[in-house]
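Report on the following structure.
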Amino acid sequence: RLKTEMRRYLNEEVVDLLPDDLRAIIKPHAFGTESDMLWLFSEPEIFGEHIWGAGDEGDKQLRYFAEPGNRVKLDEDGDATWWWERSPRGNDSRSFCFVCSYGSAGNSSADCSGGVCFGFYF
């Protein structure tokens, strides 16, 4: 796995913002020889397959995301909004995959500003 700034931010800064009782029950998620407390979801973890992305071989759809409504995330105003995944677009090194505000798969240039939804196991 790549040592990205987002990965560092989630596992060194965001994890420390979580309540102590939640942090105490989070189990590290193994990625080969490494593990993370928090991570961004891959396209296969969300949709069960690659639609736009590449990589993340071996990832399976998480049961939670099998229900399309669970892919929809709301912003601070309660409006449905899109969110980034960790999967790069398969044929364009400048783009990444995201989940549209209505829960379907999309992709866009990595210079677009948007939110993320991180995962954890307990």
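The values are calculated or read from the model by the stated rules, or taken from the named source; none is laboratory data. All values reported here derive from a predicted model rather than from experimental measurement. Backbone-built Cβ (ideal geometry, glycine too); neighbour counts: all protein chains shown. All accessible areas refer to the heavy atoms of the entire protein, side chains included, with ligands and DNA or RNA removed. Shrake-Rupley method; radii C 1.70, N 1.55, O 1.52, S 1.80 Å.
Average accessible surface for the chain: 61 Å² per residue, computed with a 1.4 Å probe over protein heavy atoms with every protein chain in place. Taking a sphere under 12 Å around the Cβ of Phe98 and counting the other residues whose Cβ falls inside, with K and R at +1 and D and E at -1, yields a net charge of +2.
Taking 7 Å steps out from each Cα toward its Cβ at Asp111 and Phe31 produces label points 2.5 nm apart. In percent, how large is the relative contact order of region 1-84, given Cα pairs closer than 8 Å and 6 or more residues apart? Once normalised by length, the contact order is 18 percent.
Over region 32-120, what is the relative contact order in percent, taking alpha-carbon pairs closer than 8 angstrom and at least six residues apart? Could you put the intermediate results ahead of the total?
Working: 171 pairs, mean separation 27.0, N = 89.
Computed over region 32-120, the figure is 30 percent.
With Cα atoms as the point set, the chain shows a radius of gyration and Dmax of 14.2, 42 Å.
Any idea how far the Cα center of region 14-55 sits from the one of region 73-105, in Å? If you average the Cα positions of each part, the centres end up 16 Å apart. Shown here is the pair-distance distribution of region 82-122: with all Cα-Cα distances grouped in 5 Å bins from zero up to the longest one, the shares run 6, 24, 32, 20, 11, 5, 2 percent. Taking all protein chains as they are arranged and a probe of 1.4 Å, the heavy atoms of Ser113 leave approximately 110 Å² accessible to solvent.
Taking every alpha-carbon pair in region 1-48 and binning the separations at 5 Å intervals from zero gives 5, 18, 26, 26, 17, 8, 1 percent.
The value for region 45-108 of Rg(Cα) / (2.2 N^0.38 Å) is 1.11. Under the criterion of Cα pairs below 8 Å and six or more residues apart, the relative contact order for region 69-119 equals 34 percent.
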